[in-house]
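Student: Supplied in structure tokens, the structure appears directly below.
The values are calculated or read from the model by the stated rules, or taken from the named source; none is laboratory data. Remember, predicted model here, so these are calculated numbers, not experimental data. Glycine also receives a Cβ, built like all others from the backbone with ideal geometry; neighbour counts cover every protein chain displayed.
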Amino acid sequence: MKKKFLTALVSASVAALALSGCGGKTSESTAAADQNSAAAESGAETAGEDGAKKVLRFGQANAGEGLDMQTSTNSRSASIADEVTESLLRFDDDNNEEPVLLTDFPTVSDDGLTYSFELKQGVHFTNGTELTSKDVKFTFERMFNPATAAKSTAYFNMIKGAQDMLAGNATELAGFEVVDDYHFNITLEYPFAPFVKNIGTSYADIFPEDACTEAGENWGLGTNLIGTGPYKIAENDDTTQVVLVKNEDYHGGEVNLDELDIIFYDDDQTKLIAYENGDIDLADLNASLLSQYEANYADEITAYHPLGTAFISLNLNDQYLSDVNVRKAISLAINREELVSAVLNGAGIPATSYLNNGIPGHDDSLSVYEYDPEQAKALLAEAGYADGITISSEVRQADQAVFSAIQGYLAEVGINLDLTVVDNATYNSDRTAGKIPMTGTTWNALYPDGDFQMYNYFYSNRSDAQGVFYKNDDFDKLLDEARKSTDETARADMYKEADKILSREDYACIPLYYPQSQFIAKPYVKNYKVGNLIYHFWNVDVDTAAQNQ
């Protein structure tokens, strides 16, 4: 591969897969209207040392899906909803799980089936009602009520009775036992170690039964979202912006900001112009604009690495890709370090395994996948393709630059990549139908656990739905055992071995790099950090004296 081929693509970037979901129309319940009035009053408070009101303005695209995290799976919705509603546990800015509404982590029975929880006492929703076990039970039963059309039930459908509710055969969750106002038990159908991590996601945010029931189908729209979080909704037109104000009675202690304004922008360039003009204080920075803004704002840009892996997804039923030697030849043909440096402007880490380097089970002893085009040619010859082969590929526009470079790498070893750029709908339809021999994707984990990155994409009875068709009994067995074990060290070792089988023996996928993301923030924005995919504002602060200079 000639360096000049890649340098022509320097300005291009690769975007991670976005989370998706749905929304609806706007209205206000009485409870939400009461909250709106109280929120406006609290927004008049001041918190800065100089007496100035602390306001942070954050720019992002509008997910357009509402703020009910049972019916939305979009990270942009979660960045707002998670400030208002809280789950029992959560992952902090360093991706460590911590209790939020609980006194401690749940205890687990010896058989790994029953989880016992204790709620913190004296926690109130912002409409004044106290959080009790009834609200938690209501939240989970709402999730499995077919009328809710929840998007993420797969993370929780191992709870006993969940499948009966989803099928419409029950109206109560058999595996949920209310002991008293502050104690409850959840029983699973089978041992599932990641369960305690799943309840730390946005999809398990807890809702107040009365207010949520009153709002009905409008829950999560307008100001119809009430929680126990550090902020409450003062304004929300579902189109241009959401205004949050501090919860003065937050159970977690003093809230830094008086007001958090989330302002929606249709595109990245418009959003960044707003940043330059001082209309917003903080925004994510797309990799395609990184080099442009590094020139003048290098000190205001912070890079972080989500828990994802960008890789070449292969259809193992393809005539050529069914041969492991061809798959290994593809891996050997790609210079990952040059790819990251020249095409991604350094915004990534060359892959050393499939598991992201922030996930337990990642093997820190491994080097970047080998680049050896001569060995790649030899393997193709051994497979009977010394004269070369042609493999077709469909990718989305976001992956075009990287795959144009890969096309050049593969051409040098005798593989002609017939590359077609398609829209997202065509990509999703063709990939899951098994029509694409080779494509690019980024598989992001919501939290640091090998099961999240591996199971749904490569486990034998799941891989067909991803258009991969991977089957390996040893790999499956390791994932099965890791799901049952409560020993996190043992689980990490199992994922490490599974990764070795997947990406260094079978070459069932071709890991490329661990993506880098970045945000841009004014110098007066303090303590801001992004742990993974969702922008949270639990610890951010504003130096009002510096802001108003």
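Student: For the condition under 25 Å from Arg90 (Cβ atoms) and more than 22 Å from the chain's Cα centre (by Cα), what is the one hit in Tyr203, Tyr250?
Tutor: Tyr250
Student: Now for a different question. Hey, Gly168 hits all of (1) outside the structural domain of Asp279 (by TED's automatic domain parsing); (2) closer than 29 Å to Lys54 by Cα but one; which does it fall short on?
Tutor: (2)
Student: Quick check on region 106-116. Is at least one of its residues touching a Ser or Thr at 6+ places or on another chain (Cβ under 7 Å), in contact (Cβ under 8 Å) with a residue 24 or more places away in the chain and on the phi > 0 side of the Ramachandran plot?
Tutor: First, the residues of region 106-116 that are touching a Ser or Thr at 6+ places or on another chain (Cβ under 7 Å): 106-108, 112-114, 116.
From the residues that got through so far, the ones that are in contact (Cβ under 8 Å) with a residue 24 or more places away in the chain too are 106, 108, 112-114, 116.
Those left that are additionally on the phi > 0 side of the Ramachandran plot: 112.
Yes: one or more hits.
Student: With a cut-off of at least 1 residues that are among the aromatic types (Phe, Trp, Tyr), name the helices (runs of 4 or more DSSP H) lying wholly within region 372-469.
Tutor: 400-411, 424-432, 450-458
Student: Among the candidates Ile510, Ile534, Ile501, which residue alone is under 18 Å from Tyr304 (Cβ atoms) and not assigned by TED's automatic domain parsing to the domain that holds Glu97? Working first, answer last.
Tutor: Details: Ile510 fails: under 18 Å from Tyr304 (Cβ atoms); Ile501 fails: under 18 Å from Tyr304 (Cβ atoms).
Only one candidate passes the filter, namely Ile534.
Student: Which of the residues that make up region 367-381 are within 26 Å of Gly450 (Cα to Cα) and touching a residue at least 60 places away in the same chain (Cβ under 8 Å)?
Tutor: Tyr369
Student: Across region 467-496, what is the total count of residues that are more than 30 Å from Ser429 (Cβ to Cβ) and either in contact with a Leu (Cβ under 6 Å, 6 or more places away or on another chain) or aliphatic (A, V, I, L, M) (or both)?
Tutor: Residues meeting the conditions: 5.
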